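**Q** Could you have a look at this structure, given as structure tokens, before my questions?
The values are calculated or read from the model by the stated rules, or taken from the named source; none is laboratory data. Note that the structure is a prediction, hence the values are computed from the model and not measured. A quick note on method: Cβ atoms are made from the backbone with ideal geometry, for glycine too, and the neighbour counts reach across all protein chains shown.
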Amino acid sequence: SVEASIPEPQREAWKKFSAQEFSSKEEFEKEVVRHIETTLARSLFNCDEAAAYAGTALAFRDRLVIEWNKTQQNQTFADPKRVYYLSLEFLMGRALDNAMLNVGMKDIAQEGVSELGFRMEDIISQERDAALGNGGLGRLAACFLDSLATLNYPAWGYALRYRYGIFKQEIIDGYQVEIPDYWLDFNPWEFPRHDVTVDIQFYGNVRKYMDDSGKQWSVWENGEIVNAVAYDAPIPGYGTKTTNNLRLWSSKASHGEFDFTKFNSGEYEASVADQQRAETISAVLYPNDSLERGKELRLKQQYFWCAASLSDIVRRFKKSKKPWSEFPNQVAIQLNDTHPTLAIPELQRILIDGEGLDWEEAWSIVQKTFGYTNHTVLPEALEKWSVPLIQHLLPRHLQIIYEINARFLQWVEKKFPKDRDMLASVSIIEETQPKMVRMAYLAVIGSHKVNGVAELHSDLIKTTIFKDFVKIYGPDKFTNVTNGITPRRWLHQANPRLSELIANKLGGYDFLTDLTLLHKLENFLDDKDFRKEFQEIKYANKVRLAKYIKEAQGISVNPASLFDIQVKRMHEYKRQQLNVFGVIHRYLQLKDMSPEERKKVQPRVSIFGGKAAPGYWMAKTVIHLINQVSAVVNADKDIGDLLKVVFLEDYNVSKAEIIVPASDISEHISTAGTEASGTSNMKFVLNGGLVIGTCDGANIEITREVGEDNIFLFGNLAEDVEDLRHAHFYGGFELDSQLQRVFDEIRNGRFGDAGQFSALVNSIVEHGDYYLVSDDFQSYVETQNKIDEAYKNQEEWLTKTITCVARMGFFSSDRCIEEYAQEIWNTEPLPPPKENGA
Ligand code: T68
């Protein structure tokens, strides 16, 4: 064994002095003070909240590291099949609160910091979000890491260590302004591994030669080399000692790149510029969440990350000395969308050019190793890269992609002889000018399973974008794994009082690791005390949000109002414009009413939040309109508390933790068939809010679970969308009179600079209303009216919300991970070994 290779006395010495975890309040405080005094060189006299955060974080970090080392050691010895989750985005948010709760020591820490003169809440809020993602896709990856660790799966995440995460959003004069998010000033959660580096090649050429045995080889040479340096972050599971690894790659100039000729000839600045160019690769997260722009630097990021990660994975596999045929039994790689698709030709390249396997043998390993998750059917979001760009940047990979395509098309030709249309439609190469590589097709062909993220979405990919691939491979290659969320962050951490109430009723916190146990809450539907407390908690969460709105936005809102929330990335398909048109309609109606009539109205607060991609003008226009409407409505003395409109600046994970527990209604109102799943819908319902939504994404499965009476569905169905779009163009266009009035008021300048909003209004009245706002407006408004009515009966509303919470068990990301493990990865958990005396 590895242990035996170290002499006994040394082993004893290490054992004796090895780091110990704090296990009491006193030990915790001692660690905090030690870190503040020695690691940070501060003292009692200059310890501000930032330093108190740092000390607390470092104390917990030590605990995580101890378990992390043990987990990794255990996994190295047992060498089980590992899961590698390749995602360009992990939207982690804050780590400290999560670490304290997962380790189960928050109470002790809370008492400890208070003895040292601080409030835990203030300390927690010192931490900056790790915002390495855009939206749902990145947050899903973060929830999956939490579940993988909690369920003891040996699993690694791989991504890039962006110096700038998603931009910070400021609203200035009603417009979005983007501020760079330089987040690495102090990040105690990462560990640079300067000893773990990989050389990554770009550009260059391919040379063919024959060796003595007559075998043909291809060598990719004369390229530029950039260094990938690993940074690791521990991912603690909840209620287990398993602590997995998230490895982020940072780009650095390789030493070979430093140009001594330039240096010696006095061009020192030019040689430093070369170094900086290498470092740009991992500098910034691209802020487009649903539009592909084909930028060379983005492709460089993708390859840099895929090549570094695969080199790492292959190195780890080779240590086991197993034959290559065992690779798919040791390694499962999940591609989070098409962003890591280059990993497919990269593994093929390693196996044939590096390890000398034949094409077929290598290709069969590749296909067994990869799984691909699709997150969108929107055509403008599907990745394509131009052939000349790939040729220039990755010449060997382009050859391999062509070979993959040629062999695939030959095989298709045999199955569908003479079907030219079929061949053209499934070819990885799109025959445009320039030719394009369709990354989703490459991902489908190179993987053994392809999954969508909710039932409707998984059905849609089989009938639209991958229709022909279903004919070719049969339906079994395509599967569904409906998304989920981690109840640790999205219930226990975001809503501690509700979590505690549930624990009191169910006799403990087991529901946090088996969310289906929530169903037992239905037994307490008639329990007066429970109902009362449930309601009080919702109210307290609304008070907390109201306080935040006042601080951040300067707007006073009454927590007794109905809180109607839509927070998510700004996009036409998500239809924040439908929401704000509805708000304008409500405002106009209120203005028409007599004071007597107004008394009967249910007061409401409409809360919006979300970032627009910096170049997405229409989305930015919607933000502007919301802010203009907010200014007009909130200042209107006739209206008062009957309607308030809030745009919350800079929506992110830590703000979501305040916002999500405070909804009465949340909006998930995408054009049917466009939102692959949605995950915030699950978060809001789990926290005792109801949903207004279309029959789209996971809304459909939420309805199946909670029952049609407990959700407010409206609007056209996915199957009718195509006909409606067709009708807009060919059948004339008639606007509903209420929506017409909303547009009239926007155009006559009631909400300021009318000209600014003409493109938005015209996209509906003149340019075909692609997202069917006009078709769904009436049923949206009617449904909002039903919500007002329903809310008046607070007892019934409460029954609905409790019932919904009780029926959310299905939406735990633990369930997702079990499904991936069984249906796609074929992996087993590796529980931590039992410790002596522990
Ligand atoms: C989201 N996708 C889906 N993409 O829109 C959402 N895209 O329905 C789903 O619930 C979620 O994924 C999880 O499956 C995204 O968030 C991106 O953020 C993105 C980023 C870069 C490029 C393309």
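**Q** What pairs can you find where one residue is in the range 586-603 and polar (S, T, N, Q), the other is surrounded by 10 or more Cβ atoms within 10 Å (Cβ to Cβ), and their Cβ atoms are less than 7 Å apart, with a gap of 6+ or different chains?
**A** Partner pairs satisfying both residue conditions: 602/562; 602/788; 602/791; 602/792.
**Q** Conditions first: (1) assigned by TED's automatic domain parsing to the domain that holds residue 227; (2) more than 16 Å from the ligand (Cβ to nearest atom). Residue 164 passes all but one, so which condition is the exception?
**A** Failing condition for residue 164: (2).
**Q** Among the numbered criteria (1) buried (at least 18 other Cβ atoms within 10 Å of the Cβ); (2) out of contact with any Lys or Arg (no Cβ under 8 Å at 6 or more places or on another chain), which one does residue 651 miss?
**A** Result: residue 651 fails condition (2) only.
**Q** Here is a list of conditions, (1) in a helix (DSSP H, G or I); (2) buried (at least 21 other Cβ atoms within 10 Å of the Cβ); (3) within 16 Å of the ligand (Cβ to nearest atom), and residue 347 meets all of them except one; can you say which number that is?
**A** (3)
**Q** Whether any residue in the range 725-737 is among the hydroxyl-bearing types (Ser, Thr, Tyr) and within 30 Å of residue 795 (Cα to Cα) is what I want to check.
**A** No, that holds for no residue.
**Q** Looking only at the range 268-280, decide whether some residue is surrounded by 18 or more Cβ atoms within 10 Å (Cβ to Cβ), more than 16 Å from the ligand (Cβ to nearest atom) and modelled with pLDDT of 90 or more.
**A** Filtering the range 268-280 down to residues surrounded by 18 or more Cβ atoms within 10 Å (Cβ to Cβ) leaves 271, 278.
Still in the running and more than 16 Å from the ligand (Cβ to nearest atom): 271, 278.
Imposing the further condition that a residue be modelled with pLDDT of 90 or more reduces the set to 278.
The answer is yes; a qualifying residue exists.
**Q** Keeping to the range 779-838, report how many residues are touching a residue at least 40 places away in the same chain (Cβ under 8 Å), within 30 Å of residue 326 (Cβ to Cβ) and part of a loop (DSSP other than H, G, I, E, B).
**A** Residues flagged as touching a residue at least 40 places away in the same chain (Cβ under 8 Å), within 30 Å of residue 326 (Cβ to Cβ) and part of a loop (DSSP other than H, G, I, E, B) within the range 779-838 amount to 8.
**Q** Considering 692, 700, 746, which residue is within 16 Å of the ligand (Cβ to nearest atom) and either in contact (Cβ under 8 Å) with a residue 60 or more places away in the chain or surrounded by fewer than 17 Cβ atoms within 10 Å (Cβ to Cβ) (or both)?
**A** Numbers: 692 fails: within 16 Å of the ligand (Cβ to nearest atom); 746 fails: within 16 Å of the ligand (Cβ to nearest atom).
Only one candidate passes the filter, namely 700.
**Q** Next question, about the same structure. Please go through the range 122-141 and give me each residue that is more than 16 Å from residue 60 (Cβ to Cβ) and either out of contact with any Lys or Arg (no Cβ under 9 Å at 6 or more places or on another chain) or part of a helix (DSSP H, G or I) (or both), ordered by number.
**A** Of everything in the range 122-141, those that are more than 16 Å from residue 60 (Cβ to Cβ) and either out of contact with any Lys or Arg (no Cβ under 9 Å at 6 or more places or on another chain) or part of a helix (DSSP H, G or I) (or both) turn out to be 122, 136, 137, 138, 139, 140, 141.
**Q** Pick from 575, 598: which is among the charged types (D, E, K, R) and more than 18 Å from residue 680 (Cβ to Cβ)? Walk me through how you get there before you give the answer.
**A** Values: 575 fails: more than 18 Å from residue 680 (Cβ to Cβ).
Every option except 598 fails the conditions.
**Q** Out of 60, 90, 77, 45, which single residue is modelled with pLDDT under 95 and under 30 Å from residue 249 (Cα atoms)? Quick ask: steps written out before the conclusion?
**A** Values: 60 fails: modelled with pLDDT under 95; 90 fails: modelled with pLDDT under 95; 45 fails: under 30 Å from residue 249 (Cα atoms).
The unique qualifying residue is 77.
**Q** So residue 82 ticks every box in (1) surrounded by fewer than 20 Cβ atoms within 10 Å (Cβ to Cβ); (2) at pLDDT 95 or above but one. Which box is left unticked?
**A** (1) is the only condition that residue 82 fails.
**Q** Run down 549, 537 and say which single residue is away from the ligand (no atom under 16 Å from the Cβ), touching a strand residue (DSSP E or B) at 6+ places or on another chain (Cβ under 8 Å), assigned to a helix (DSSP H, G or I) and in contact (Cβ under 8 Å) with a residue 40 or more places away in the chain.
**A** Exactly one residue qualifies, and that residue is 549.
**Q** Here's another thing I want to ask about it. Here is a list: 662, 635, 672. Which entry is among the aliphatic types (A, V, I, L, M), free of Cβ contacts under 8 Å to residues at least 24 places away in the same chain and either surrounded by fewer than 23 Cβ atoms within 10 Å (Cβ to Cβ) or closer than 19 Å to residue 784 by Cα (or both)?
**A** Checking each option against the conditions leaves just 635.
**Q** A further question follows. Quickly run through the range 464-484 and pick out the residues that are assigned to a loop (DSSP other than H, G, I, E, B) and either free of Cβ contacts under 8 Å to residues at least 60 places away in the same chain or more than 16 Å from the ligand (Cβ to nearest atom) (or both).
**A** 466, 474
**Q** Here's another thing I want to ask about it. Within the range 281-301, can you find the residues that are out of contact with any Lys or Arg (no Cβ under 8 Å at 6 or more places or on another chain) and either among the charged types (D, E, K, R) or away from the ligand (no atom under 11 Å from the Cβ) (or both)?
**A** Passing the criteria: 293, 295, 296, 297, 298, 299, 300, 301.
**Q** Which one of these does residue 718 not meet: (1) in contact with a strand residue (DSSP E or B) (Cβ under 6 Å, 6 or more places away or on another chain); (2) farther than 30 Å from residue 631 by Cβ; (3) within 16 Å of the ligand (Cβ to nearest atom)?
**A** Tallying (1) in contact with a strand residue (DSSP E or B) (Cβ under 6 Å, 6 or more places away or on another chain); (2) farther than 30 Å from residue 631 by Cβ; (3) within 16 Å of the ligand (Cβ to nearest atom), residue 718 fails exactly one: (1).
For every residue, the table says whether it meets (1) within 29 Å of residue 697 (Cα to Cα); (2) hydroxyl-bearing (Ser, Thr, Tyr); (3) buried (at least 23 other Cβ atoms within 10 Å of the Cβ).
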residue	(1), (2), (3)
533	no, no, no
541	yes, no, yes
574	yes, no, yes
580	yes, no, yes
585	yes, no, no
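**Q** Hey, another quick one. Tell me, yes or no, whether the range 617-632 has at least one residue that is among the aliphatic types (A, V, I, L, M) and not in a helix (DSSP H, G or I).
**A** no
**Q** For the range 379-406, which residues satisfy the criterion of being out of contact with any Ser or Thr (no Cβ under 6 Å at 6 or more places or on another chain) and within 16 Å of the ligand (Cβ to nearest atom)?
**A** Residues satisfying the conditions are 379, 380, 382, 384, 385.
Quick grid of which residues meet (1) modelled with pLDDT under 95; (2) surrounded by fewer than 17 Cβ atoms within 10 Å (Cβ to Cβ); (3) within 16 Å of the ligand (Cβ to nearest atom):
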site: 244; (1), (2), (3): no, no, no
site: 250; (1), (2), (3): no, no, no
site: 318; (1), (2), (3): no, yes, no
site: 326; (1), (2), (3): no, yes, no
site: 332; (1), (2), (3): no, no, no
site: 336; (1), (2), (3): no, no, yes
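**Q** Take residues that are polar (S, T, N, Q) and either surrounded by fewer than 19 Cβ atoms within 10 Å (Cβ to Cβ) or in contact with a strand residue (DSSP E or B) (Cβ under 8 Å, 6 or more places away or on another chain) (or both) and tell me which of the helices (runs of 4 or more DSSP H) falling wholly in the range 383-453 contain 1 or more. Walk me through it before giving the result.
**A** Values: elements: 387-393, 395-415, 420-426, 439-445.
Counting at least 1 such residues, we get 387-393, 395-415, 420-426.
**Q** Test each condition in (1) more than 16 Å from the ligand (Cβ to nearest atom); (2) in contact (Cβ under 8 Å) with a residue 12 or more places away in the chain for residue 651 and report the one that comes out false.
**A** Result: residue 651 passes all but (1).
**Q** For residue 83, state whether it is touching a residue at least 40 places away in the same chain (Cβ under 8 Å), in a helix (DSSP H, G or I) and more than 16 Å from the ligand (Cβ to nearest atom).
**A** no
**Q** Ok, one more. Considering only the range 150-200, state which residues are assigned to a strand (DSSP E or B), of a type in the set (S, T, N, Q) and surrounded by fewer than 18 Cβ atoms within 10 Å (Cβ to Cβ).
**A** Correct list: 197 only.
**Q** From the list 609, 554, 508, 615, which residue is under 32 Å from the mean Cα position of the chain (by Cα), surrounded by fewer than 22 Cβ atoms within 10 Å (Cβ to Cβ) and closer than 30 Å to residue 292 by Cβ?
**A** 615
**Q** Oh, and also: Residue 488: within 15 Å of residue 815 (Cβ to Cβ), of a type in the set (D, E, K, R) and either over 28 Å from the mean Cα position of the chain (by Cα) or outside any loop (DSSP other than H, G, I, E, B) (or both), yes or no?
**A** Considered against the rule, which asks whether it is within 15 Å of residue 815 (Cβ to Cβ), of a type in the set (D, E, K, R) and either over 28 Å from the mean Cα position of the chain (by Cα) or outside any loop (DSSP other than H, G, I, E, B) (or both), residue 488 comes out as yes.
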